[in-house]
1. Hey, got the dipole for the chain? About the Cα centre, +1 on K and R Cβ, -1 on D and E Cβ, debye to the nearest 20?
2. So what's the back-of-envelope 222 nm ellipticity for the chain, counting only DSSP H runs of four-plus at -39500 (n - 2.57) apiece and dividing by all residues, rounded to 500?
3. Which distance in nm do the two modelled labels at Asn84 and Asn322 give, with both placed 7 Å along the Cα-to-Cβ direction?
4. Mean shadow of the chain, computed from the convex hull of its alpha carbons, in nm²?
5. Sort by residue number and name the cysteines in the chain that have no neighbouring cysteine Cβ under 4.7 Å.
6. Could you give the longest part of the chain that holds none of the GluC sites (Glu not before Pro) found in DSSP loops with at most 15 neighbouring Cβ atoms within 10 Å?
7. Provide the FRET efficiency to the nearest 0.05 for the Asp298-Thr180 pair, computing r from the beta carbons and using R0 = 56 Å.
8. So if each residue of separation counts as 0.36 nm, and I subtract the Cα-Cα distance between Ile516 and Asp275, what length gain in nm does that give?
Amino acid sequence: MLRHVTTFLVLVFAQAVFLLPKVDVTGFRQHEGPMLGINEIPDLSTRVLDYKVNVSLKLPIFKTDTRFLSHNVESAIFNKTNFNFSSTKLQTLMRGLAPAYLRVGGTSSDFVTFQNPCKEEVAKRNHHKQTILCPQDWIRLNDFCLATGLHLVYALNQLKRTEDGQWDPTNTEKLLDFNTYDVPAWELGNEPNSYLSHANISLSGEQIGQDFNVLRTIFNKRSNYRNAVIFGPDINIRGAIVTTIFLERFVAATNATNGTTFHCYYLDGSTATLDDFIDPEVLDVLPGEINLIKSTVDKYYGKEAKPMLGETGSAYNGGAKNLSDRYVAGFMLLDKLGMSAKMGLDVVMRAALYGSDYTMLDLDNLDPKPTYWSAYIYKRLVNTTVLEANVVNTNSSKDDRIVRVYAHCTSTEKSGYDAGAVTLIVMNLHKGHSANITLLQELYGQDVDQYLLTPHGPLGMTSLQIELNNNLLAMVDDRTLPEIKHVRLKGGRQLVLPPLSYGFYVVNNAKAESCIG
C-alpha cells in the first residue's frame, strides 16, 4: 500500500515541476526551434522552490553608457609577451566585447615612463615598477583599439612629483606631443588614497584634485586636446568615513573630471573561499559602496554626476586562485552588472581582461574563460535601458536574496530581436534547490528564449569551461566566435534554474514601452 501511495505522489509531483530543456540546435530567433511545453517529464533530483517576478515595462529606471560593460588591463601589459596586440585570436575576442572601454591602468600605471626614443630593451622591462612605454607600444595599443571597437582609457603616471611635492607633468607632455590618436579618455593615477601602502607617499584628496586641474590646464592649452575626457580619481573604498572625507576634498578641489571613478573588490584573494563567491552577504557589499560614492558625488555635481566603477573584480590581490577565473565567478560578474545598472552607474570596468587570477583569457593561449562567455552573451542581449524587476519569494524561506533577477531592454543590434523585447538576468544561489520562476503581468504566458549557463565537466563551480543550454562554449577558430543558441520555452512554462546556475531569458513579444522608439 505504501509503495502505491509513494508512486502516486511522485506522479502528482511530476505535473508540478519541469525538466530543464534540452539544447535547441537553432541560433537566435531567426530560426525558431521546437518549443517545450508545460507537461515535460520533470527532474526530481532537486527540490524546487517557487518565485514570482514582476517587471515594470513602462518607465525605465536608468540608461547606462553604451560601453557599460568594459575592461581593465594593467599598464605593465607592455611587458607581457603572450599578449600580442596584432593577434588575430585576441582581436576576434575583443570584437565580441565591443563597444567597451579598455582601461590601461592599475597599480603599474604610476610606475610607467614614456621613452622616445626607447632605449630600454624589452627583456629588461619585467617589473611593473620599471615599465617603459615605447612609441611602438603606444601605436600598437591604439591601433588595436581601433581594429576591435574598443575605446582606450589611459591612466597617466601621478607619482612623478617635483621636489616640492607637486605633480610633474613633464613626461605626460612628452606622450601628448608624440600622440596622434584621438584617445577617448584619460586618467591620472590609480587608487591615490592607497599610495602610502604601495608607493610610500601620502597625498590628500585636495592635492589630487589640484593635480587634475593641472592636467586639464595642459589639455586646454593644446587645441587637439581641449575636448579631452578625464576620469578620476579611481579611489578604493577604505572605510566609509575615510573614503567620504577623501572624495569630498577631491571633488571640492576640482571640476576637471567628466566621470567620477571608484574601485570595488568583494574579497581578499588570498583568503577567499568558494562559499564566499555565492554568499548574498558578500554580493550585497556593493550597494552600500555605490550609495557611499553617489551621495558624495551627487552633492557636488548634481545631475551632471557620472559615477563609474573604474576598476572592479571578485577579489583584490590579483584575484582568488582557482576561483576568480572559473564558472563560479560569473555570479559576481552578472550580479555586479545588474546591481550597478539598477543603481545608476554609467560604466563598470572589470579587472582583468588579461592578467593574474581574475583573467578572462588564458595567460598562455588566450582561450576565453567562463567570465568571457558571460560578458560576450551580455553584450549581445542586454541594452542600455534598465527596467525595474522585483522578485517575490513564495516559499517559507525568509532569504529573498538567493534568487536574483535584473531586467533590461534587449539589444536589437546584435541579437536579432525586435524592439520592445526584454532581457532578464537571473541567478540561483541555492546549493541544492532549483528555482521555479513565474513571470507576472504583461510577461505572463509569453514565449521565452532561454540562455542558461552551467559548468562543464566534473569540477562544477570551479570549472574552466562553461555550457550554454548544455552545449560547450568555445571558439570555432581564431577568427570565429560561436553562434549563441537559445531554447524556446512555450508560453505558460516557468523558468527553471538548477542549483547554482545563472543565465539570460528573453521575452521577445514583451512590447515594452520603455524599449520601443
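1. Roughly 620 debye, rounded to the nearest 20.
2. Values: 13 runs with 134 residues, N = 517.
Estimated from H runs of four or more residues: -7500 deg cm²/dmol.
3. Distance between label points: 3.2 nm.
4. Reported value for the Cα convex hull: 25.5 nm².
5. Cys145, Cys264
6. Within the chain, the longest run free of exposed GluC sites (Glu not before Pro) spans 164-482.
7. 0.90
8. 82.7 nm
None of the figures in this text is laboratory data; all of them are computed from the coordinates on show. Worth saying up front: this structure is predicted, and the values here are computed from it rather than measured. In this analysis, Cβ positions are derived from the backbone assuming ideal geometry, glycine residues included, and neighbour counts consider all displayed protein chains.
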